[in-house]
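Nothing in this text is a laboratory measurement; each read-out follows from the coordinates by a stated rule. The structure displayed is predicted, hence computed values, not measured ones. As a convention, Cβ positions derive from the backbone with ideal geometry for all residues, glycine included, and neighbour counts pool all protein chains shown.
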Amino acid sequence: MNTKHQTLAILLAILTSFNEACADLLTLKDGQQRVGYIAGQIENALLLEVQPVPTLPSVQLRFPIAQVASLKFEKNPALTELLRLAEAGDSPTLPALWERFKPLLKNPDSPSAAIGLRYGLLLLNTQSPSSLDAALTLFSQLAADSPTPAERDAALQGTLRALLCLGRILPAHTQASEILKKPTSAPLASEANLTLATLADSDFRNFLEKNPRWQEDPFAQPEYHTLYHKALDLYLTAALLPDAPPELAQRALLGALGIHRLCKDLLSTAEIARDLIVFFPGTTASQTATAVLQSLPTSLPNPDLPKMTPPRTSSKSPSEPIENAPKSEYQNNTQNAKATDSTAASTTTHKRKRSRSGTQQDAAGPLP
């Protein structure tokens, strides 16, 4: 057993025994109050772990749900750490926790949503059809019943990812488009743009596969420019939205990098690669960008990393817009579809130079 799994075993042991630092409060309809660790619900009984005598093991009490008036949850550091370290191979830890806490999802401050979100992401990572279907069902329930807007938004992010993994193109496009029609959080807006970018990227690649000689076909050229600009613009919008989470920004910039490499635009490929290295050092994305940069011809202009000033952290609150925030060229200027590639490259360069402020992590958690 490696060190990580030993740590998980210890944390799970803490969760299955009374944790003095976790003082959850159970109030019964007759007015009685009990303090302990709320360990979930099985069938119609609430589980409460208490330790009447400090030197003796904890005991688990069961209270019929019909007798419970209210629940108050305290933060549980052991559970938070367990969720952070959990991996797909740690079955059945998370499934068991989710089954226990799922009935308590609608309770404010319940850890149910955090458990469900992490479990859903691990289901996505397994990439099997059954686990992807289970993830979609789980995220849909979380989106409907989670008690806080942030948790519901995170669940919608997971829903979009699950739809893409399952190849359900129309529902993914419809849901992402509907999300962007109304004000929403930066992580969810970035995820929706990234979803649409991924779909546009697929359309562009399908077009190139069917039209390998598009440059010689005057009827295919307009469609090429339309698809190219749409995919690239959506990727950059997802990456450069004010307060876009770094994990999503990296995924979006890698998508834009792929478009430029596909089109053999070496200068733009190098520029995005350098941006990833400068702004996201030490990440998997920066390692990928480094490998790409090293594969490019050394005769390219400015082959070394540019001397760039790191983005300044905005002093404004997350709800306030950042000045000069990039807007969607595809949405705001339909003439982009007829622009030349050189024009697109210069516009792309301008947009990538802007601030990438925002250190908020993706509420749904990063995917590999």
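Among 93-104, 237-248, 58-69, the peptide with the highest mean count of other Cβ atoms within 10 Å heads the list, and the full ranking is 237-248, 93-104, 58-69.
In whole angstrom, how far apart do the alpha carbon centroids of segment 260-295 and segment 43-118 sit? Measuring centre to centre over Cα atoms gives 44 Å. Diagonalising the gyration tensor over the Cα atoms of segment 152-310 and scaling each eigenvalue by 5 before taking the square root yields semi-axes of 26, 23, 12 Å, largest first.
Of L46, L180, the sequence from fewest to most neighbouring Cβ atoms within 10 angstrom is L180, L46. Cross-link pairs exceeding 22 Å between alpha carbons, from the set K106/K182; K75/K106; K102/K182; K29/K75; K75/K182; K106/K181: K106/K182; K102/K182; K29/K75; K75/K182; K106/K181. Each residue in V53, V35 was given a count of other beta-carbon atoms within 10 angstrom of its own, and listing them fewest first yields V53, V35.
The mean sequence separation of alpha-carbon pairs under 8 Å and at least six residues apart, normalised by the residue count of segment 91-215, gives a relative contact order of 18 percent. All other residues whose Cβ lies under 13 angstrom from that of D109 are scored, Lys and Arg at +1 and Asp and Glu at -1, for a net of 0.
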